[in-house]
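Q: Sharing a structure here in structure tokens format.
The values are calculated or read from the model by the stated rules, or taken from the named source; none is laboratory data. Everything numeric in this text was worked out from a predicted model, so none of it was measured. Every residue, glycine among them, receives a Cβ derived from its backbone with ideal geometry; neighbour counts consider all protein chains shown. These area figures cover heavy atoms from the full protein model, side chains too; ligands, DNA and RNA do not enter into them. Shrake-Rupley method; radii C 1.70, N 1.55, O 1.52, S 1.80 Å.
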Amino acid sequence: MKKKITKLDKLIAKYLTRESTKKELDGLEELLNNDLNNEKFLKEYIKINVVSDYVLQKFNTEKARQQLLDTIKEDKKKAKQAKIFTLIKYSTAAAVAVLVMSGIFFKTSLFNKTGAEPVQVSHNIKVGSNKATLSLEDGSLVVLENGKEVNVGKAKSNGKELKYTTGRKKGKTIYNSLTIPRGGEYALQLSDGTKVWLNSETKIKYPVYFKKGMSRSVELVYGEAYFDVSPSENHNGDGFNVVTNQQNIAVLGTEFNIKAYKNENFIYSTLVEGRIMLENGSYKADMQPGQQAVIANGIAEKVEVYNVNVENEIAWRKGNFNFKNKSLIEITKVLSRWYDVDFIIENKDLENINFKGVLGKTQDIETILQIIKNTSNINAYEIKNRIIYIK
């Protein structure tokens, strides 16, 4: 029998996805204060989302309820200044209360002794972690992973970031490439001091050393990367270029994000700070902070520039999924890369429904799916052998 979704279910789900109105915050506070079955409800809600009886043994329901109520009071004050409650950056106290309800609060139970990677909850689907493969000039491969230190040539990895020795060299340019698999992410510091954060299913090619007097150029072969470029004035005026299969971005010292996945219809370049010049064939765009250039994948010289909310576009870099105004088909692509799973949407009518939540990347897949289900028209989902069926 299909479980009936209660008013409290809906209010909690909307609160977790940061879409509560002032009126809904009032209602949630009243229900949590007055309902005699609070303890039972909280335990059942967490059991659904965490699927761990062991966790429940160490759960302090009264403390969690009070933390949530304290957070709601703070959020209601902020909600008075806007019609819709949208909060991405929580204070520490607020974060604790929200994480309790979404199942992340139980860090001591769900994480291993090193704290490096979540312990499996079910279905053998783990949250993404730091991992990558370094390809050297001679074709040899070096596996990089969380918690493992590696020294190779002029580079050193601490398990989270691959860092090259600072400097420039004459002679033949030697290239390396870094590939991030599904279920992974990694950071890279180039020899000029430029920092790059690489999302799941991404590959970047770059010189081990840049030549003095020449533009510093790297290639984003595919995937998504956030760049914090070392300014040209620190390198005798030498510029910085990022090349993809359809565009060239000339940089003067700035921060920006490029999303260029092979299986997506568009390439997105978002400027956070500074200035970039985007070229696509004969088209050039001198972009300003807060703008995003969109290129249709496979269509030459077709570029549109929009003003966007930068925080939404770079949420991944800060440990979040921002699904505001994203369709279910777009959401499943993101989740596929981070959790290394595949999705099949059995009901095609669901592909274009929109979700408006901001969720944490450290949440287990079942928590994510349950929250999406509770805030959309999805009837059910089923997990079989790393394939998730949406019904």
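Q: Semi-axes of the equivalent ellipsoid of segment 223-275: what are they in whole Å, largest first, if each equals the square root of 5 times a C-alpha gyration tensor eigenvalue? Mind showing how you got there, number by number?
A: Values: eigenvalues 105, 24, 11 Å².
Semi-axes, largest first: 23, 11, 8 Å.
Q: Once neighbouring chains are kept in place and the probe is 1.4 Å, which whole percent of the accessible area of segment 305-391 is contributed by carbon and sulfur?
A: On the way: 1630 of 3860 Å².
Of all accessible area on segment 305-391, carbon and sulfur atoms account for 42 percent.
Q: At 1.4 Å probe size, with every protein chain present, just tell me what the per residue accessible area of segment 201-248 comes to in Å². Could the numbers behind the result be given before it?
A: Values: 1890 Å² over 48 residues.
Averaged over the residues of segment 201-248, the accessible area is 39 Å².
Q: Can you compute the radius of gyration and Dmax for segment 286-363, using only the Cα atoms, both in Å?
A: Calculated on Cα positions, Rg and Dmax stand at 14.6, 43 Å.
Q: Let me ask something additional. Evaluate 2.2 N^0.38 Å with N set to the residue count of segment 215-335, then give the Cα radius of gyration divided by it. Could you put the intermediate results ahead of the total?
A: Numbers: Rg = 14.1 Å, N = 121, 2.2 N^0.38 = 13.6 Å.
Ratio of Cα Rg to 2.2 N^0.38 Å: 1.04.
Q: Return the tail of the calculated pair distribution for segment 182-241, meaning the percent of Cα-Cα pairs more than 19 Å apart. It would help to have the intermediate numbers written out before the result.
A: Working: 503 of 1770 pairs.
Tail of P(r) above 19 Å: 28 percent of Cα pairs.
Q: How many percent of Cα pairs in segment 143-208 exceed 13 Å? Write down the numbers at each step before the final one.
A: Values: 1363 of 2145 pairs.
Of all Cα-Cα distances in segment 143-208, 64 percent exceed 13 Å.
Q: Describe numerically, in nm with one decimal, the distance between label points set 7 Å from Cα along Cα→Cβ at Val152 and at Val305.
A: 3.9 nm
Q: Is segment 146-295 best put as rounded, prolate or oblate by its Cα gyration tensor, with a ≥ b ≥ c the root eigenvalues, rounded for a/c under 1.5, and otherwise prolate when a/b is larger than b/c, oblate when not?
A: Details: a/c = 1.81, a/b = 1.19, b/c = 1.52.
Note, shape of segment 146-295 comes out oblate.
Q: Here is a follow-up. Exactly which trypsin sites (Lys or Arg not before Pro) in segment 123-156 are in a DSSP loop and have at most 13 other Cβ atoms within 10 Å? Spell out each step's value before the answer.
A: Numbers: sites: Lys126, Lys131, Lys148, Lys154, Lys156; in loops: Lys126, Lys148, Lys154.
Qualifying residues, ordered by number: Lys148.
Q: Going highest first, how would you order 243-250, 358-365 by mean Cβ packing within 10 Å?
A: So the peptides 243-250, 358-365, ranked by packing, come out 358-365, 243-250.
Q: Loop-only check: which GluC sites (Glu not before Pro) in segment 278-365 are DSSP coil with at most 15 other Cβ within 10 angstrom?
A: On the way: sites: Glu279, Glu301, Glu304, Glu311, Glu313, Glu330, Glu346, Glu351; in loops: Glu301, Glu346, Glu351.
Within segment 278-365, the qualifying GluC sites (Glu not before Pro) (loop, at most 15 other Cβ atoms within 10 Å) are Glu301, Glu346, Glu351.
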